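Below is one structure, written out as structure tokens; the observations come after it.
The values are calculated or read from the model by the stated rules, or taken from the named source; none is laboratory data. The structure presented is a predicted model; accordingly, all values stated were derived computationally and were not measured. Neighbour counts are summed over all protein chains in view; Cβ atoms, including those assigned to glycine, are modelled from backbone coordinates with ideal geometry.
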Ligand SMILES: Cc1cc2nc3c(=O)[nH]c(=O)nc-3n(C[C@H](O)[C@H](O)[C@H](O)COP(=O)(O)OP(=O)(O)OC[C@H]3O[C@@H](n4cnc5c(N)ncnc54)[C@H](O)[C@@H]3O)c2cc1C
């Protein structure tokens, strides 16, 4: 089937396309020739990636659905009913197979259209990102290498980290138990996850606890252990290809979707979490959203259930004070300082972002530059822009004169390496008497409890005493592990934190609900000039004009996007194999933009009853799709206004706009700033796009922002954690990541997540200090 999407072209067809490429190197010409004349099934890299996705990455239902769809086409009767031919799909000639696919996209049966959209999308994306020939053919220069000087640095964080990991491992004691040998460690505070929430929490916790060990007294050196199921990567260890980066740094190897197949989901799964592979946009939580959160977190003062569970009017006031008060703002500002956040000047934007900025200005739309968490100058990021998605190859040092490189301040760099400045003498693990250790390749299964004393008015019934999971040793062997801890913080991200709680036997029905994803659609555009989409910072502008389309704060933002060729070009419209292949070659002339929706209607996360694995239920709602469509139409106007040659969306069968350079419309279209509204052809295109809509069976949705599945609130009747991040009904158990958001943040969520991490970390420090008889801060104003 994949060969029908990307068929082998004849030598003549290939020659014709090569001649259109202009002045290119012999090497690229040869790569193009092979790309055009070969098929995906000849690619070993693609076959392995597809095999891995089918065996290990898609959920049982996802995999079953894909197989069922392909099987149906290979039975004569269903094939006849669907295509009018009894020949099984596998026996069709390449030309017949291509025609059949075109028919399936236009089938009268919505499930068939949905099937071909989904299967086609997966196959194209996996091929484009896995086959090395694609990058060479489309002209992508590749992910930048890390300078040699940096690779040789003896004191690199990676070397220190590895030494620490070995030492950590060696400290584990083997205990013989009924279920076999278990490695055991102990700590004061255990944090599950190393992403945005976790690193920010640990930064503030360790800073607050600094110096709390008092020699000659009973106080202990506080110790914090962070566990990460993914791997640690120093810059010079990062993968060299898009495919390997997705495989090793993303949840589900970057092949993750909702059970309904309605949306693809991207999340980091490596030390640093999402902050390690994200696009550096650092936006503060909007005040309107914060105001909404004061309402969502608190329930009405007379709510009988809440009162019976120990709530009081004071808590509602506390949430107002939290989200609209000074300390929350301070948390965001302090995090921004730690992340070296700076705002780009006009000359610092890449072409795609300048298109938004200038297009919005011409149309009178509200558009703002987006602050970035990077060190060094914006110019230093020119060459490495798109690689952010595969991990930052810069050194992360503001004054790295040796390499001239700057870097993205991901969580582990900003909070652990730089803010805490862990002491190199101790192997980089202590600071002011506090020990912080990270253990990668450690997947937590569940939290372990013992019956607890009632510490709170709400009546905690369980006390967290540690976690169990699996850790991989440097010998490659997996060991069962148990880490005893006085306190456990779950910061495994919105998708996994609820799974950890559910696997631990917690029954609060709100766990896993309220999954917000910021569903996103993509618009691609082609330009006369080479725009080199891999260059410069990825997301430095945002059009906010349409962020409140229903008067209740739901709507869309228009933003720049990463343009690694595999993932971005898989969204190019497919009408036929030859046209698609030829379109991919115009990658250097292509810009991509996203329309991101602050949705009204959430989904849910569950665990598979048999395997305990993550399952995601999410389908973009009618209202949210309406908003996305409105955003797409506006994005098209911006691109038209800036003179795009071609505009396409990722909805199958939707029209593509092509500028008509013939004399008839030349006057109007050569000066697009004169106005989209005066161009009848463009108006027709908008009307057709609008009529096509965003039906689930044809449109493509993605998400890189997950929020809300362990919502914060004033009562267990509608939330999972209280205002201090404590899990209702448990002692010593906290959640501190994007899952505690009361609803979608609207803005890209890293900074908000880190603000929550800081807020909860400070309060956790107070509890640790109080228990040890140490003095506590005066400016933390919520009740213990
Ligand atoms: C491609 C991409 C681009 C993005 N761009 C931006 C941007 O420009 N700006 C922005 O604000 N946001 C951006 N985001 C979103 C942002 O990075 C996330 O919202 C944020 O990192 C979420 O933080 P978190 O702490 O909730 O989870 P994460 O940062 O995802 O961290 C959770 C960590 O927990 C680990 N984990 C999970 N389960 C277990 C377990 N059982 N045991 C041990 N470890 C576990 C995971 O592997 C992961 O590393 C982007 C995200 C992606 C994927």
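Things worth noting here:
- Only one of the listed residues (78, 7, 88, 94) is buried (at least 20 other Cβ atoms within 10 Å of the Cβ) and more than 30 Å from residue 606 (Cβ to Cβ). That residue is 7.
- Total residues in region 233-274 satisfying the condition of being closer than 30 Å to residue 426 by Cβ, in a loop (DSSP other than H, G, I, E, B) and touching a strand residue (DSSP E or B) at 6+ places or on another chain (Cβ under 7 Å): the figure is 2.
- Residue 466 at positive phi and either modelled with pLDDT under 95 or outside any strand (DSSP E or B) (or both): no
- Filtering region 742-763 to residues that are under 19 Å from residue 499 (Cα atoms), buried (at least 24 other Cβ atoms within 10 Å of the Cβ) and more than 9 Å from the ligand (Cβ to nearest atom) leaves only 742.
- Any hit, region 691-701, residues being outside any loop (DSSP other than H, G, I, E, B) and surrounded by fewer than 21 Cβ atoms within 10 Å (Cβ to Cβ): yes
- With respect to (1) buried (at least 21 other Cβ atoms within 10 Å of the Cβ); (2) modelled with pLDDT of 95 or more; (3) assigned to a loop (DSSP other than H, G, I, E, B), the lone exception for residue 537 is condition (2).
- Screening 558, 539, 501 for residues that are in the same structural domain as residue 629 (by TED's automatic domain parsing), touching a strand residue (DSSP E or B) at 6+ places or on another chain (Cβ under 8 Å) and either within 12 Å of the ligand (Cβ to nearest atom) or free of Cβ contacts under 8 Å to residues at least 60 places away in the same chain (or both) leaves exactly one candidate, 539.
- The one condition from (1) over 24 Å from the mean Cα position of the chain (by Cα); (2) within 18 Å of residue 532 (Cβ to Cβ); (3) not in a helix (DSSP H, G or I) that residue 347 does not meet is (3).
- In region 161-196, the residues that are within 23 Å of residue 432 (Cβ to Cβ) and within 16 Å of the ligand (Cβ to nearest atom): 161, 165, 168, 185, 187, 189, 190, 191, 194
- Test for residue 512: is it more than 11 Å from the ligand (Cβ to nearest atom), modelled with pLDDT under 95 and buried (at least 24 other Cβ atoms within 10 Å of the Cβ): no
- Region 275-288, subset surrounded by 21 or more Cβ atoms within 10 Å (Cβ to Cβ) and assigned to a helix (DSSP H, G or I), residue farthest from the ligand (Cβ to nearest atom): 276
- Selection within region 350-389: residues that are within 13 Å of the ligand (Cβ to nearest atom) and assigned to a loop (DSSP other than H, G, I, E, B). The member of this set that is surrounded by the most Cβ atoms within 10 Å (Cβ to Cβ) is 370.
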